[in-house]
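The values are calculated or read from the model by the stated rules, or taken from the named source; none is laboratory data. Only a predicted model underlies this, so the values are computations on that prediction, with no experimental measurement involved. Cβ placement follows ideal geometry from the backbone for every residue including glycine, while neighbour counts extend to all protein chains displayed. Side chains included, ligands, DNA and RNA excluded: accessible areas come from the protein's heavy atoms. Shrake-Rupley method; radii C 1.70, N 1.55, O 1.52, S 1.80 Å.
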Amino acid sequence: MDLKAATRMILSESADHPDLMRLSRHAYDELSSGRPVPYATLSEMLRMAARKNLFPSLKGRHGAQAFDDMVVVLGREIDRQAPIPCR
């Protein structure tokens, strides 16, 4: 699964949540245009999906394996971009 597909999964379930829909549509449009999406945007999108309790519906609609792949893809990209904190 690629980052655009992972973003599309969240976008497909966000119709009842305007803030999440706006954020996920922006991320999806940016990725579709070949532009990078900042880790903060991806992190907030994943956080909002969790807060809005979309994870069960994502698992039900796409399956547990696709859901796990989505979380891993988003997590890896967030981890790749996020700054390393100084100690």
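Could you grab me the full set of residues in the range 18-39 that are in a loop (DSSP other than H, G, I, E, B), open to solvent by 60 Å² or more (accessible area, probe 1.4 Å) and at negative phi? Across the range 18-39, the qualifying residues are SER33, ARG35, PRO36, PRO38. Of everything in the range 6-17 that is of a type outside the set (S, T, N, Q) and part of a helix (DSSP H, G or I), the residue that is nearest to ARG61 (Cα to Cα) is MET9.
Name the residue, out of LEU46, LEU54, LEU42, LEU11, that is touching a residue at least 24 places away in the same chain (Cβ under 8 Å), crowded, with 16+ Cβ neighbours inside 10 Å and over 24 Å from ILE84 (Cα atoms).
Values: LEU46 fails: over 24 Å from ILE84 (Cα atoms); LEU42 fails: over 24 Å from ILE84 (Cα atoms); LEU11 fails: touching a residue at least 24 places away in the same chain (Cβ under 8 Å).
After applying the criteria, what remains is LEU54.
Tell me yes or no: at least one residue of the range 57-64 is more than 18 Å from ASP16 (Cβ to Cβ), basic (Lys, Arg) and either surrounded by fewer than 15 Cβ atoms within 10 Å (Cβ to Cβ) or touching a residue at least 60 places away in the same chain (Cβ under 8 Å) (or both).
Of the range 57-64, the ones more than 18 Å from ASP16 (Cβ to Cβ) are 63-64.
Filter once more, so that each one left must be basic (Lys, Arg): none.
No: the range 57-64 contains no residue that is more than 18 Å from ASP16 (Cβ to Cβ), basic (Lys, Arg) and either surrounded by fewer than 15 Cβ atoms within 10 Å (Cβ to Cβ) or touching a residue at least 60 places away in the same chain (Cβ under 8 Å) (or both).
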